[in-house]
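To start, the structure under review is shown below, and the notes come after it.
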Amino acid sequence: MPQSSARISDVENDFSKTQLVVFFSILILAVDSINPIKIFLHVFPMVQTWHIATISILLITYTSIKEMKQLLYYSVKIFFHSILSIFFREVNVIGATTNIPLYGPVIFVPNHASQFIDSVVVLSTCQRTISFLMAEKSYKKRIVGEIAWAMNVVPVKRAQDDARKGSGFISIDMNVNGKVNVNANACTSDDDAVVVGDDSGNVSQENQEKEEAEIKMEETDAAETVKTEEGEGEDDKDNDNDNKDKDDKAKDTKNYYIIRGVNGTQFTKELNPRDKIRFPNCPEGLKITSIQSDTEMIAEGVNLTSKKGISLPSPTPLEYDIMKRVELGVVYEKVLSKLAAEGTIGIFPEGGSHDRTDLLPLKAGVALIAYSAMEKYGLSIPIVPVGLNYFKGHKIRGRVTVEYGRPIHIDPATLKDYLNGGESKRKVCNDVLERIEDSLRSVIVSAPDYKTLKMIHTARRLYRDKYMSSSEKQDLSRRFAEGYKQLLLMTQGNPPQSWLDLQ
């Protein structure tokens, strides 16, 4: 509490100093006898007023060019402020003066409730100059890239940005029961020997468990960090958690496929294990597990049988693109440089926007960035959770509450486990993600579904009058949400009909 008070006091002192400077400037310009320009002209009559005006214009031009990026940033920030004040009737900010470090590198991790509005809301309410991530391909485009440059956006290199067409065509078949039979002699590099087949056709994986744990963490697609997805419609909100469970189960299941090449494929020359291929109706692609020859390889990825437009085995040969694996250091090179220069970055750890009333599973990117900064520069970067709580946010004149939570830090003692790789690396990264998830839940109001969330807000309004502060409203809503979850646990998810009638 003393630290928070001191921080507020420092901000107030800076504002007071600025006010005094402005008022003093007005005073000396209003009174000729203490106006320094008038005094200078009186002492040196050979100097004309246009001389001083010309020098002033030159200095203004020089400063504007030198600080153009910063001036553009604050100009756009003022514009976004105006837009938000029109779109929302009320924008409440909680914790900005107490929980945001005033100096040094910071990682902001907001929940992603709206595809287009979230970054604007955070940028407009954050007192620090914040840089979001953007795909390098989009950053290089005219107009979009220039605006991104002005807004301090950090470009991130993604595998799909350099995708190129592969030779020949492919056909895909499901590898029954996930069994992989790989000829180790057909491998094209040391990395290819990750999966080795035995005579029975089962997977023999001497070091694969450790390797896969490390690969899974390192291959968190930069696309997951910078991409945005279309949220569900208003009618889908009641069923969003069922869909979420199905999606999570599908992601957790490993699906192996046999990829066969026709018409001149060159798998051993063009691909390596850990690279990806993509084809029509599967933009996320499949990861190459092993390569047996120029015409056959094994890949794993999403469940293709659940995708529209895809039949297994492939009825006709398919065109495909090759997405070469991008090393972690290359993916986040400019992000780490920004943090090393005491900059701040914003990452949506859920990966994509959504209309759900709870968080999506968090991606590992933010943990990898934090540990990479500690490994490369010795920085223990504070990670600040940002809760974006919209009330009728899809309608004009809605309301939004932005809550900045207490920053969390990575324990430097865990860096050794991270550097060891394998399961220990995965464990410490998952621990960080769990802490981030807990901190995000402390700044949002989560509920099982949209109807429950509306009921919680209604109960809060009935319980207390409208003169509560924004912080008190948020805290009370979270208490109601937690209480409702406890009641559901007590009734094992089957509340009495009287509860449902009341709801």
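The values are calculated or read from the model by the stated rules, or taken from the named source; none is laboratory data. Computed from a prediction, not measured in an experiment: that's the story for all the values here. Methodologically, a virtual Cβ is constructed for each residue, glycine included, from the backbone with ideal geometry; neighbour enumeration extends over all protein chains shown. Only protein heavy atoms, including side chains, enter the accessible area calculation; ligands, DNA and RNA are left aside. Shrake-Rupley method; radii C 1.70, N 1.55, O 1.52, S 1.80 Å.
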* **For segment 1-159, accessible area per residue (1.4 Å probe, heavy atoms of protein chains only), Å²** => 63 Å²
* Given the peptides 100-108, 155-163, arrange them by the average over their residues of other C-beta atoms within 10 Å, most packed first. => 155-163, 100-108
* Asked: Ordered by residue, what ³J(HN,Hα) values in Hz, to whole numbers, does segment 52-69 give under the Karplus form 6.51 cos²θ - 1.76 cosθ + 1.60, where θ = phi - 60° and Gly and Pro are x?
  -> 5, 4, 5, 4, 5, 4, 4, 5, 5, 4, 4, 5, 5, 5, 5, 9, 4, 4
* To do: Mind listing the long-range amide H neighbours of SER114? Cut-off is under 5 Å, sequence gap 5 or more, other chains count too, H placed in the peptide plane at 1.01 Å from N.
  => HIS354
* Structure fact -> Sorted by chain and then number, the residues having a modelled amide H within less than 5 Å of the amide H of GLY285, at least 5 places away or on another chain, are PHE279
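Mind ranking 365-377, 262-274 by how tightly packed they are, going by the mean number of other C-beta atoms within 10 angstrom, highest first?
By packing density, highest mean first, the sequence is 365-377, 262-274.
Send over the semi-axes of segment 110-162's equivalent ellipsoid, whole angstrom and largest first, taken as the square roots of 5 times the C-alpha gyration tensor eigenvalues.
Numbers: eigenvalues 88, 37, 19 Å².
Gyration-tensor ellipsoid for segment 110-162: 21, 14, 10 Å.
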* **Spin-label zone in segment 329-359 - amide nitrogen under 19 Å from a point set 7 Å from the Cα of PHE116 along the C-beta vector** => 352-356
* Asked: Where does the charge balance sit around LYS157 when Lys and Arg score +1, Asp and Glu -1, over other residues with C-beta under 10 Å from its C-beta?
  -> -2
* Hey, what do the phi angles of segment 432-445 turn into as Karplus ³J(HN,Hα) couplings, whole Hz, using 6.51/-1.76/1.60 and θ = phi - 60°, x for Gly and Pro? -> 5, 4, 5, 5, 5, 4, 4, 5, 5, 5, 7, 10, 10, 10
* What ³J(HN,Hα) values, in whole Hz, does the Karplus curve 6.51 cos²θ - 1.76 cosθ + 1.60 give for segment 366-378 when θ = phi - 60°, with x put for Gly and Pro? -> 5, 5, 5, 5, 4, 5, 5, 5, 5, 5, 7, 10, x
* Where labels lie 7 Å past Cα in the beta-carbon direction, separation of ASN420 and ILE147 in nm -> 4.8 nm
* Please list 47-54, 416-423, 66-73 highest first by mean number of surrounding beta-carbon atoms within 10 Å per residue. => 416-423, 66-73, 47-54
* Under a 5 Å amide H to amide H cut-off, with H placed in plane at 1.01 Å, what residues pair with SER131 once short-range neighbours are removed? -> THR344, ILE345, GLY346
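Please grab the % of Cα pairs in segment 284-375 that end up more than 19 Å from each other. Spell out each step's value before the answer.
Numbers: 2626 of 4186 pairs.
So the portion of pairs separated by more than 19 Å is 63 percent.
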* What per residue convex hull volume, in Å³, do the alpha-carbon atoms of segment 316-472 yield? -> 210 Å³
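Please give the net charge around GLY168, taking every other residue with its beta carbon less than 11 angstrom from that of GLY168, where Lys and Arg add +1 and Asp and Glu add -1. Numbers along the way, then the final one.
Details: positive: LYS165, ARG260; negative: GLU270, ASP294, GLU319.
Within the 11 Å Cβ shell, the charges total -1.
Quick one: divide the alpha-carbon radius of gyration of segment 346-398 by 2.2 N^0.38 Å and tell me what you get.
Compared with the compact-globule rule of thumb, segment 346-398 sits at 1.52.
Can you flag which of LYS269/LYS363; LYS141/LYS395; LYS451/LYS473; LYS392/LYS451; LYS17/LYS38; LYS137/LYS165 are past 23 Å Cα-Cα?
On the way: LYS269/LYS363 32 Å; LYS141/LYS395 32 Å; LYS451/LYS473 19 Å; LYS392/LYS451 13 Å; LYS17/LYS38 25 Å; LYS137/LYS165 17 Å.
LYS269/LYS363; LYS141/LYS395; LYS17/LYS38, as the Cα separations exceed 23 Å there.
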